[in-house]
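Colleague: Have a look at the structure that comes next, please.
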Amino acid sequence: MIELLVSLVVLGIVIFPLINLYRHSGLLTAHAGHEVAALNYAREIIESIKCVDDSHTGVVQAIGDETITFEHRTSVDYDAYDDFYVAITGGGGSGQVRRVTGYDGGSRTATVDQPWDTPLPEVYESTYLLLAGFDQKYDFKISVVPGALNLKTVRAAVYYNVNDQLKDISLTTEKLMR
């Protein structure tokens with residue numbers, strides 16, 4: 001009987017840490033899953049930026065609470081940029097990203113899904129980038145800074161939550177942009 005009792009205690013001492021380790025590894029696996037998903041989303045954004053047409057970049061011509069006016073090189077077709085994302089990539093308001101909900105080709109003005117954060121992007125000093133629409137799985141920011149040899153360094157930062165903690169992951173690339 002004592003041998004049986006001792007063997008059960010030893011078994012409990014061995015099994016309890018293993019159960020705790022199994023539970024902890026499940027939490028780490030879930031965290032890694034979120035991180036990989038955010039990384040893949042950042043990669044999708046970077047690949048979209050690499051393929052962006054020159055007419056989808058420029059200097060902000062005018063700005064309102066929920067509108068932005070693009071350069072003359074953008075499309076004159078109405079609704080041409082619906083469901084695109086517009087990112088302020090430089091100057092005042094840099095890093096802000098909004099989804100286009102309507103586009104007036106005559107005035108080249110887009111309406112965005114939510115107001116711009118203050119301070120508003122500075123007209124004729126802030127630059128923008130239009131990205132073809134894709135499913136927004138996470139919040140993200142895009143920044144563009146001048147690099148060497150007429151290249152721009154583009155950084156896409158993706159924000160995600162794990163256990164009520166805001167985490168971010170970013171990717172950087174270089175692109176020849178005006």
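Colleague: Please specify each residue of the range 45-94 satisfying the condition of being under 15 Å from the mean Cα position of the chain (by Cα) and of a type in the set (A, V, I, L, M, F, W, C).
Modeller: Of everything in the range 45-94, those that are under 15 Å from the mean Cα position of the chain (by Cα) and of a type in the set (A, V, I, L, M, F, W, C) turn out to be Ile45, Ile46, Ile49, Phe84, Val86, Ala87, Ile88.
Colleague: Continuing with this model, one more query. Of the residues Ala38, Ala42, Ala30, only one is touching a residue at least 60 places away in the same chain (Cβ under 8 Å), in a helix (DSSP H, G or I) and more than 30 Å from Val112 (Cα to Cα); which? Give the derivation first.
Modeller: Working: Ala38 fails: more than 30 Å from Val112 (Cα to Cα); Ala42 fails: more than 30 Å from Val112 (Cα to Cα).
So the residue among Ala38, Ala42, Ala30 that is touching a residue at least 60 places away in the same chain (Cβ under 8 Å), in a helix (DSSP H, G or I) and more than 30 Å from Val112 (Cα to Cα) is Ala30.
Conditions tested, residue by residue: (1) within 21 Å of Ser48 (Cα to Cα); (2) aromatic (Phe, Trp, Tyr); (3) modelled with pLDDT of 90 or more; (4) out of contact with any Gly (no Cβ under 8 Å at 6 or more places or on another chain).
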residue: Asp77; (1), (2), (3), (4): no, no, yes, no
residue: Gly90; (1), (2), (3), (4): yes, no, no, yes
residue: Val112; (1), (2), (3), (4): yes, no, yes, yes
residue: Pro115; (1), (2), (3), (4): no, no, yes, yes
residue: Tyr128; (1), (2), (3), (4): yes, yes, yes, no
residue: Leu131; (1), (2), (3), (4): yes, no, yes, yes
residue: Arg155; (1), (2), (3), (4): yes, no, yes, yes
residue: Val162; (1), (2), (3), (4): no, no, no, yes
residue: Ser170; (1), (2), (3), (4): yes, no, yes, yes
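Colleague: Here are Val52, Val59: which of them is touching a residue at least 24 places away in the same chain (Cβ under 8 Å) and in contact with a Phe, Trp or Tyr (Cβ under 8 Å, 6 or more places away or on another chain)?
Modeller: Working: Val52 fails: in contact with a Phe, Trp or Tyr (Cβ under 8 Å, 6 or more places away or on another chain).
It is Val59.
Colleague: Would you say Gly91 is touching a His at 6+ places or on another chain (Cβ under 9 Å) and not hydroxyl-bearing (Ser, Thr, Tyr)? Explain how you work it out, then say what you get.
Modeller: On the way: touching a His at 6+ places or on another chain (Cβ under 9 Å): no; not hydroxyl-bearing (Ser, Thr, Tyr): yes.
Against the criterion (touching a His at 6+ places or on another chain (Cβ under 9 Å) and not hydroxyl-bearing (Ser, Thr, Tyr)), Gly91 does not qualify.
Colleague: Do you know which residues across the range 111-131 are among the hydrophobic types (A, V, I, L, M, F, W, C) and either surrounded by 20 or more Cβ atoms within 10 Å (Cβ to Cβ) or closer than 20 Å to Tyr159 by Cα (or both)? Working first, answer last.
Modeller: Going residue by residue through the range 111-131, those that are among the hydrophobic types (A, V, I, L, M, F, W, C) are 112, 116, 120, 123, 129-131.
Within the range 111-131, Val112, Trp116, Leu129, Leu130, Leu131 meet the criteria.
Colleague: Here's a follow-up. Filtering the range 58-70 down to residues that are part of a strand (DSSP E or B) and not small (Gly, Ala, Ser), which residue is surrounded by the most Cβ atoms within 10 Å (Cβ to Cβ)?
Modeller: Initially, the range 58-70 is screened for residues part of a strand (DSSP E or B), giving 58-59, 62-63, 67-69.
If we keep only those that are not small (Gly, Ala, Ser) too, we end up with 59, 63, 67-69.
Working: Val59: 17, Ile63: 20, Thr67: 16, Ile68: 27, Thr69: 17.
Looking at the filtered set, the residue picked out is Ile68.
Colleague: Same structure, new question: Go through Thr118, Thr153 for me and flag whichever is among the hydroxyl-bearing types (Ser, Thr, Tyr), part of a loop (DSSP other than H, G, I, E, B) and without any contact (Cβ under 8 Å) to a residue 24 or more places away in the chain.
Modeller: Details: Thr153 fails: part of a loop (DSSP other than H, G, I, E, B).
Only one candidate passes the filter, namely Thr118.
Colleague: Would you point out which residue out of Ser107, Ser55, Ser75 is outside any loop (DSSP other than H, G, I, E, B), hydroxyl-bearing (Ser, Thr, Tyr), out of contact with any strand residue (DSSP E or B) (no Cβ under 6 Å at 6 or more places or on another chain) and surrounded by fewer than 16 Cβ atoms within 10 Å (Cβ to Cβ)?
Modeller: Values: Ser107 fails: outside any loop (DSSP other than H, G, I, E, B); Ser75 fails: outside any loop (DSSP other than H, G, I, E, B).
Exactly one residue qualifies, and that residue is Ser55.
Colleague: While we're here: Yes or no: the range 129-139 includes at least one residue that is touching a His at 6+ places or on another chain (Cβ under 7 Å) and assigned to a strand (DSSP E or B). Steps first, please.
Modeller: Our first condition is that a residue be touching a His at 6+ places or on another chain (Cβ under 7 Å); within the range 129-139, this holds for 129-130.
Pick out the ones that are also assigned to a strand (DSSP E or B) and you get 129-130.
Yes: one or more hits.
The values are calculated or read from the model by the stated rules, or taken from the named source; none is laboratory data. Since the model is a prediction, treat every value here as computed from it, not as a measurement. Cβ sites come from the backbone with ideal geometry, for glycine too, and all protein chains shown count toward neighbours.
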